[in-house]
1. If I ask for residues that are open to solvent by 50 Å² or more (accessible area, probe 1.4 Å) and either part of a helix (DSSP H, G or I) or out of contact with any Lys or Arg (no Cβ under 8 Å at 6 or more places or on another chain) (or both), which ones from the range 61-86 would you list?
2. Just one of 16, 106 is over 27 Å from residue 131 (Cα atoms) and either small (Gly, Ala, Ser) or assigned to a helix (DSSP H, G or I) (or both); which is it?
3. Residue check: is residue 99 touching an Asp or Glu at 6+ places or on another chain (Cβ under 6 Å) and modelled with pLDDT of 85 or more?
4. On the basis of being open to solvent by less than 70 Å² (accessible area, probe 1.4 Å), modelled with pLDDT of 95 or more, under 19 Å from residue 86 (Cβ atoms) and not aromatic (Phe, Trp, Tyr), does residue 45 make the cut?
5. Evaluate the range 104-117: report whether one residue or more is surrounded by 11 or more Cβ atoms within 10 Å (Cβ to Cβ), at pLDDT below 90 and of a type in the set (Phe, Trp, Tyr).
6. Condition test on residue 126, is it over 21 Å from residue 21 (Cβ atoms) and under 21 Å from the mean Cα position of the chain (by Cα)?
7. Evaluate the following for residue 93: is it assigned to a loop (DSSP other than H, G, I, E, B), within 17 Å of the chain's Cα centre (by Cα) and hydroxyl-bearing (Ser, Thr, Tyr)?
8. With the checklist (1) under 19 Å from residue 133 (Cβ atoms); (2) within 18 Å of the chain's Cα centre (by Cα) in hand, flag the one item residue 62 doesn't pass.
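The values are calculated or read from the model by the stated rules, or taken from the named source; none is laboratory data. For clarity, every value in this text was computed on a predicted model and none was experimentally measured. Here the Cβ positions follow ideal geometry from the backbone for every residue, glycine too, while neighbour counts run over all protein chains shown. Note: accessible area is taken over every heavy atom of the protein model, side chains too, but ligands, DNA and RNA are not part of it. Shrake-Rupley method; radii C 1.70, N 1.55, O 1.52, S 1.80 Å.
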Amino acid sequence: VRTAAFVHEIGKRAPEVTTIQQACPALVRLIEAGAMEDRLRRAVRRYAARLTRRLDGVRPDAVILGCTHYPLVEPLFAEALPGIEILSQPEITARSLVAYLGRHPEFAEDEQGPLRFYTTGRAAQVSALASRFFGRAVAFVPLPEHARL
């Protein structure tokens with residue numbers, strides 16, 4: 001929200017679209033802390049209510065979950081914003097990647113290799129959070145300094 005990245009990018013591609021941002025600053029901390037669903041639900045409802053008030057009764061056509069953590073609570077956003085299309089990064093990213101790979105057959109492989117997970121963050125904390133998202137246990141390892149951008 002601070003960088004207005006979505007506003008700028010949407011404006012470049014679809015200037016006729018009005019983009020309103022709603023920051024949800026406590027939500028990431030709650031998700032990373034493993035907060036209970038009831039507490040997460042209250043936070044999501046609070047942020048959805050703020051957005052609704054800012055829109056003065058106008059229903060948005062869609063809501064973009066603009067943080068990598070938010071897909072973990074996507075059902076809570078859908079519950080708090082009934083009937084509004086939720087655009088979630090994992091689905092959009094996966095579709096874009098499939099389309100890209102379809103246009104670039106040079107990346108096709110005959111065999112599936114092992115999955116490796118790297119992080120610049122704290123490996124244990126990222127592993128626990130990612131395991132919730134991935135649907136099974138995953139173990140992240142720290143990305144070596146020489147491999148960081």
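1. Hits for the range 61-86 are 61, 64, 68, 74, 75, 79, 82, 85.
2. 106
3. Here the answer is no, as residue 99 does not meet what is asked.
4. Judged against the criteria, residue 45 is not a match.
5. Taking every residue of the range 104-117 in turn, at least one turns out to be surrounded by 11 or more Cβ atoms within 10 Å (Cβ to Cβ), at pLDDT below 90 and of a type in the set (Phe, Trp, Tyr).
6. yes
7. no
8. Of everything listed in (1) under 19 Å from residue 133 (Cβ atoms); (2) within 18 Å of the chain's Cα centre (by Cα), residue 62 misses just condition (1).
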